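First up is the structure itself, then whatever we jot down about it.
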Amino acid sequence: MKKLIPAYLRIIIIFFAVFGTMEYFIDSGNQPAFVKFPMVSLFLFVFLFLLIAIEITVNAVDTITYQLLTEEQKAKLEETSAVSYKESAWFKKLIKALTKSEPIENEGQLLLDHDYDGIKELDNSLPPWWVYLFYGCIIFAVVYLVRFEVMGGDNQEMELKKEMAQAQIDIANYKKTAPDLMDEKTVTLLTSPADLATGKKIFMTNCVACHRPDAGGLIGPNLTDDRWILGGGIKNVFHTITNGGRDGKGMIAWSKSGMKPKDIQLVASYVLSLQGSNPVNPKAPEGEVWTDSGSPKKVDAVVETKTETTETATKTDVTVSENNVVLLTSPADLAAGKKIFMTTCVACHRPDAGGLIGPNLTDNRWILGGGIKNVVNTITNGGREGKGMVAWSKSGMKPKDIQLVASYVLSLQGTNPPNPKAPEGDVWVGSVKK
């Protein structure tokens, strides 16, 4: 039995129509949908299998039906199938409706009286499709004339300008609610406990190395006072975290390190919540005083003055120095040293002393010397120049506290924390360099 479209063509056309539709409507980025989403490939495979199965089933049904026909019915079916679709009644009727053409035997009735050198003209009617298209163009022209020339409707250029203006308004409104499109102009201060807790977690992961866990300042400035180097308030702090600090000062642009605008808003809000928290031994003030409204007020430069420690220090603080210091081993002293370490040292050395910015303190290698005297000297006077280790005696740490934290550090020898920093310096056994 003859069919207008062969089975294999039907399968190909239907399959690729479905395939193209899925690729158009499924958002798969730069990859084809059937590559990015394995379920799409599975669906297409099953769909192709079903198409082939349906064609085989329909062909089998046609074959069985044909075998059930009588010889007369078979002959009539074959005669019908042998007729071209152009000779079929439905096709002739369609062409007649579209063209209104007359049979060739009626040409004599259509001839006009005039001729040119034997060339005669037939008075055929215009094809209906052409006539209707012409009428449609006339109607469109009238509507267009009234709409744009009489009523002053917007032309394409004006429509574009209005759509662009509306798009800018929509973008601005979207930015207000889209956290990852936030910028310093649209950011707002967060104050809920949940937001501040999230901001604290981000701060503890990324900021303590330079600002200490209590934000009192280490390599970076103290974030708990009312002075700001690059401006206070949520917008300025957001800008500083996003774009980085002064050139060469170490503050990186966190947006370029993968921190999203929403996370920057959270950590900036947490930092501002620390105002006035008064941490122990904060770094000296830097920058200008900012009021709550964000308006800067310049003040005179801070003049650092040294306190006469001999007037306030205890007898223990006066007598302890790197020359006469001794290693402390009592549980009470080590517990006190651990408390100081957790407050001031974890930002660079990790809570387990395995090393972060600073070196691993649990192995037997020391950059500036091991043993209680060398460690006390390093904490007191600072590390190598430009390496970030501050002179803690100049930051207000008392000699007794330095002795306590140095003893605690030495008690950590051989504790083997997970994933320690690579060894640095020379091997020391006690106070002896090997």
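Counting only heavy atoms of protein chains, what accessible area per residue, in Å², does the chain have with a probe of 1.4 Å?
Per residue, the chain has an accessible area of 68 Å².
Report, largest value first, the span of the C-alpha coordinates of the chain along each principal axis, in whole Å.
135, 68, 44
At q = 0.13 Å⁻¹, work out log10 I(q)/I(0) for segment 146-255 with the Debye formula, treating every Cα as an identical point scatterer and leaving solvent out; two decimals please.
Evaluating at q = 0.13 Å⁻¹ gives log10 I(q)/I(0) of -0.64.
Report the FRET efficiency, 1/(1 + (r/R0)^6), for residue 53 and residue 21, where r is their Cβ-Cβ distance and R0 is 30 Å, rounded to 0.05.
For residue 53 and residue 21, the calculated efficiency is 0.90.
Beyond 23 Å between alpha-carbons counts as too far, so tell me which of 283/339; 260/421; 201/256; 235/256 fall in that bin. Working shown, then result.
On the way: 283/339 19 Å; 260/421 28 Å; 201/256 20 Å; 235/256 18 Å.
Among 283/339; 260/421; 201/256; 235/256, the Cα-Cα distance tops 23 Å for 260/421.
Determine, from the Cβ-Cβ distance of residue 123 and residue 91 and an R0 of 22 Å, the FRET efficiency 1/(1 + (r/R0)^6), rounded to the nearest 0.05.
According to the calculation, E is roughly 0.25.
Per DSSP helix of 4 or more residues, -39500 (n - 2.57); summed, then divided by the residues of the chain. What does that give at 222 nm, rounded to the nearest 500?
-15000 deg cm²/dmol
Counting Lys and Arg as +1 and Asp and Glu as -1, each charge on the Cβ, what is the dipole of the chain about the Cα centre in debye, to the nearest 20?
2720 debye
Given the options 194, 284, 148, identify the residue whose Cα lies farthest towards the positive end of the charge dipole of the chain (+1 on Cβ of Lys, Arg; -1 on Cβ of Asp, Glu).
Final value for the positive-end residue is 284.
What's the extension gain from residue 429 to residue 141 if we count 0.36 nm per residue and subtract their Cα-Cα distance?
Gain on extension, residue 429 to residue 141, equals 93.8 nm.
Pick out, from 337, 136, 325, the residue whose Cα sits farthest towards the positive end of the charge dipole of the chain, with +1 on the Cβ of Lys and Arg and -1 on the Cβ of Asp and Glu.
Of the listed residues, the answer is 325.
Given DSSP loops and a limit of at most 15 other Cβ atoms within 10 Å, what is the longest stretch of the chain that contains no such GluC sites (Glu not before Pro)?
Of all site-free stretches, the longest is 1-285.
Taking the simple approach of a point 7 Å from Cα along Cα-to-Cβ for both residue 105 and residue 10, what is their distance in nm?
The two pseudo-label positions are separated by 3.8 nm.
The values are calculated or read from the model by the stated rules, or taken from the named source; none is laboratory data. Note that the structure is predicted; figures quoted are calculated from it, not measured. Please note: Cβ atoms are built from the backbone with ideal geometry, for glycine as well, and neighbour counts cover all protein chains shown. Note: areas computed on protein heavy atoms with side chains; ligands, DNA, RNA excluded. Shrake-Rupley method; radii C 1.70, N 1.55, O 1.52, S 1.80 Å.
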